[in-house]
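Reading through the structure tokens given below for one structure.
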């Protein structure tokens, strides 16, 4: 049995030899770099040694001069600033970053994140009216605002100034804000287009930092304080938002992970402890599966204020209480998620024609709109196709869509926009609203305009393999090299290897929710392995017969660690079952 087609990548050998010689690395690591599109020693050096010195000049971003000038003037006058954020991890960390930074200079900074279910995404007219009536001056958005034309128009008519920071795809018409920071907007020559919302917020305070310190003596409140004190929040939001970990994102996350592993922020220490990670060296997967979901939980089920407050909190007791509240919310979110996943899976099982579609479209009035995005992500991964789940509890229904590698989700929704009340997002994730009676038309239309990966229905998905290796290669010198590829994430996944002629050590066991745990032997080396959602393969292994495995390495980021396990991606049995084959 083999679940996927193994495509062993063949990078140009001249490039591999050049990278290996110039960077003094093994041919295997050089091939992995080449597989990631790296062609020169300079590119390779910058990838393996991400440096803050290589961050782009923030003033290359269209609108930065104006945004910095407006903020500096507002700070000087001690006028009221409202940071208006989003309820996901990207928005929460961006809100905490801007609020925490600006409060070093003034006590006139407040923040607001709307209730996901009751108010919805983005700028809210009622809250803007209240801010204006209270003498507010400047609204600073983070991870939202690029499509809120009417809200900005109304706010400006009330005397408000708007600085929009957002990373989502801009619509054809932009809001009439005083300044807009979005590398994707027309006319912006900023060299990196894939910053998360918190990344753009960081670029803003990096620019403001330079402006305030360059204009004369640094404000007394700043001291040694700088934008770089917030890299831990940048790493949290960037990884959780699944943007590409290349170029500037790789630099920010690499240094942000170092900050997370020596946390000075009280709220981060409390969050790590609540997640059972207080003594662990964090890696990006801990953000994706432990820290991020806890920050997300509050905003998915209600208000995200508690998550922002945690990241700003300086009192250990208060931070512990806030992190425990997030734990409780996360457990409640998990229960709701499990029910939605069960119902959505039952829909697919009862109607196999759904899997003839290249784009899954599912809906129900019983689903919580704050949780459907997580389930859409799970189904997209399980069925290897973009997926949208829509809660029709209210009218219009609210949906969340998730993509698969190599597929531009936003552009496909754009081509079906005539059926939608609203939509927004980027290539990997999007939100939408739609009338219930149009959902069937959306399913038809979106499957006419998209065919993910160009793959025929029923054809096995392709697993790209970086290299063939033997178990005797998986020792300290090679593992040390592989750690140079960290942090892993979107567009920079852990390398995939195949090893041929492997035998079973101990009997395979099914653990947890259908996960396969086993030991693999290629004498004299025995390595532990786990295959998530691969428990059904347990009965397929035979004693004394070899097989081939595709896997990635679950590496500990600590340079002193020499322990690792294999994370199975696929198994190839070159034999067929016969009476002579003794199964476990």
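The values are calculated or read from the model by the stated rules, or taken from the named source; none is laboratory data. A quick note: this is a predicted structure, and the numbers were derived from the prediction, not measured. Cβ sites come from the backbone with ideal geometry, for glycine too, and all protein chains shown count toward neighbours.
Computed values, structure above
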{"item": "Test result for residue 62, in a helix (DSSP H, G or I), within 26 Å of the chain's Cα centre (by Cα) and surrounded by 14 or more Cβ atoms within 10 Å (Cβ to Cβ)", "result": "no"}
{"item": "Among residues of the range 330-377, those that are part of a loop (DSSP other than H, G, I, E, B), over 20 Å from the mean Cα position of the chain (by Cα) and closer than 21 Å to residue 435 by Cβ, counted", "result": "6"}
{"item": "Residue that is nearest to residue 61 (Cα to Cα), among those in the range 178-199 that are in contact with a strand residue (DSSP E or B) (Cβ under 6 Å, 6 or more places away or on another chain) and crowded, with 24+ Cβ neighbours inside 10 Å", "result": "181"}
{"item": "In the range 70-86, the residues that are surrounded by 15 or more Cβ atoms within 10 Å (Cβ to Cβ) and more than 22 Å from residue 128 (Cβ to Cβ)", "result": "72"}
{"item": "Test: residue in the range 79-101 that is farther than 26 Å from residue 295 by Cβ and in contact (Cβ under 8 Å) with a residue 24 or more places away in the chain", "result": "yes"}
{"item": "Residues of the range 150-170 satisfying the condition of being in a loop (DSSP other than H, G, I, E, B) and surrounded by 16 or more Cβ atoms within 10 Å (Cβ to Cβ)", "result": "160, 166, 167, 168, 169, 170"}
{"item": "Answer residue from the range 94-116, given it is surrounded by fewer than 18 Cβ atoms within 10 Å (Cβ to Cβ) and touching a strand residue (DSSP E or B) at 6+ places or on another chain (Cβ under 9 Å) and is nearest to residue 83 (Cα to Cα) among those", "result": "110"}
{"item": "Some residue of the range 536-544 being in a strand (DSSP E or B), assigned by TED's automatic domain parsing to the domain that holds residue 475 and surrounded by fewer than 17 Cβ atoms within 10 Å (Cβ to Cβ)", "result": "no"}
{"item": "Hits in the range 280-320 (condition: more than 18 Å from residue 256 (Cβ to Cβ), in contact with a helix residue (DSSP H, G or I) (Cβ under 9 Å, 6 or more places away or on another chain) and surrounded by fewer than 16 Cβ atoms within 10 Å (Cβ to Cβ))", "result": "314, 315, 316, 318"}
{"item": "Top-ranked residue in the range 251-266 [being in contact (Cβ under 8 Å) with a residue 60 or more places away in the chain and touching a helix residue (DSSP H, G or I) at 6+ places or on another chain (Cβ under 7 Å); ranked as farthest from residue 100 (Cα to Cα)]", "result": "251"}
{"item": "Test result for residue 413, outside any strand (DSSP E or B) and out of contact with any strand residue (DSSP E or B) (no Cβ under 7 Å at 6 or more places or on another chain)", "result": "no"}
{"item": "Qualifying positions in the range 117-131 - crowded, with 21+ Cβ neighbours inside 10 Å and on the phi > 0 side of the Ramachandran plot", "result": "122"}
{"item": "Some residue of the range 33-45 being in the same structural domain as residue 133 (by TED's automatic domain parsing) and in a helix (DSSP H, G or I)", "result": "no"}
{"item": "Filter pass, residue 67 being touching a residue at least 60 places away in the same chain (Cβ under 8 Å), part of a helix (DSSP H, G or I) and more than 18 Å from residue 493 (Cα to Cα)", "result": "yes"}
{"item": "Some residue of the range 551-569 being farther than 30 Å from residue 36 by Cα, out of contact with any helix residue (DSSP H, G or I) (no Cβ under 8 Å at 6 or more places or on another chain) and in the same structural domain as residue 44 (by TED's automatic domain parsing)", "result": "no"}
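Residue-wise test of (1) closer than 14 Å to residue 121 by Cβ; (2) buried (at least 16 other Cβ atoms within 10 Å of the Cβ).
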site: 385; (1), (2): no, yes
site: 412; (1), (2): no, yes
site: 415; (1), (2): no, no
site: 421; (1), (2): yes, no
site: 434; (1), (2): no, yes
site: 444; (1), (2): no, no
